[in-house]
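*Asks:* Sharing a structure, written as structure tokens. Questions coming.
The values are calculated or read from the model by the stated rules, or taken from the named source; none is laboratory data. Note that the structure is predicted; figures quoted are calculated from it, not measured. Glycine gets a Cβ as well: all are built from the backbone with ideal geometry, and neighbour counts include every protein chain shown. For accessibility, only protein heavy atoms count, side chains too; no ligands or nucleic acids. Shrake-Rupley method; radii C 1.70, N 1.55, O 1.52, S 1.80 Å.
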Amino acid sequence: MARSGFELKSVAKEKDALELAGQEAFDVVVVDLDLPMVDGVSLVRRLHEQGAAASVVWITSNTSNELAATAAEVGVVQVLHKSADSKALTRVVSLGVEQNRNLFSMLRAITRSAATTQSVPATSAKNGFASVLDTAVQDGAVVITKHDSPKAVLVSIDRMSELLAKHEPNLKALTQEFDEMVARMRTTKARAAARSLFTAAPGAFGEAAVAGAKKHG
């Protein structure tokens with residue numbers, strides 16, 4: 001993992017992992033479920049309670065459907081068998097890092113769209129929530145941080161409605177696109193092509209597939 005460019009820190013016990021996650025911000029936490037000192041479910045839940053935003057990956061020699069279901073319930077990114085090679089682990093960890101970075105990008109996008117932005121530590125937000133709420137209501141955004149890493153954004157209902165509206169599909173444009181597609185399907189050429197699909201021999205399908213692969217390859 002280190003050779004792949006990741007910065008690593010390791011501990012052997014659950015309490016040490018929680019203590020470290022409380023002191024620093026991490027993108028991914030990889031948990032060996034076969035260690036007797038680690039309860040993977042408890043660790044994930046306590047990390048969430050602490051406000052840790054890290055993605056969690058479990059590795060174990062005893063994978064099962066029940067374990068996969070439990071992982072999904074508590075929000076684990078992936079469960080890997082210990083026989084998996086380092087490339088598989090690298091891909092999974094990279095996915096976890098990407099998810100975290102995408103979250104931060106989304107938070108930054110929200111704050112950029114607001115008229116004013118204030119950043120406060122989680123402790124200050126908790127102790128002075130009334131002031132923080134006033135800032136958000138006044139067409140601004142408040143970023144809640146922990147260890148200098150953004151954990152949440154508080155925005156007004158009006159601002160959130162605007163953000164959601166920007167990402168809603170343009171129904172008029174979709175309707176027009178659908179109508180144009182239907183019109184193309186009703187042409188004489190399109191109807192003839194459709195009829196030929198139902199009468200074509202298996203060999204013709206194979207030739208068409210090869211021709212299509214060459215065209216796009």
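*Asks:* Could you give the accessible area per residue of the range 35-87, probe 1.4 Å, as a whole number in Å²?
*Replies:* Dividing the accessible area of the range 35-87 by its residue count gives 57 Å².
*Asks:* Taking the Cβ-Cβ separation of Val210 and Lys87 as r and a Förster radius of 25 Å, what is the calculated FRET efficiency to the nearest 0.05?
*Replies:* Efficiency, from the Cβ-Cβ distance: 0.20.
*Asks:* Sequence-distant or interchain residues sharing an amide H contact under 5 Å with Val31, placed H: which?
*Replies:* Val57, Trp58, Ile59
*Asks:* Quick one: ranking Arg191, Arg159, Arg3 by accessible area, 1.4 Å probe, largest first, what do you get?
*Replies:* Arg3, Arg191, Arg159
*Asks:* Taking H as built 1.01 Å from N, whose amide H comes closer than 5 Å to the amide H of Thr63, not counting residues under 5 places away?
*Replies:* none
*Asks:* A further question follows. Of the listed peptides 128-136, 22-30, what is their order by residue-averaged count of other C-beta atoms within 10 Å, with the highest listed first?
*Replies:* 22-30, 128-136
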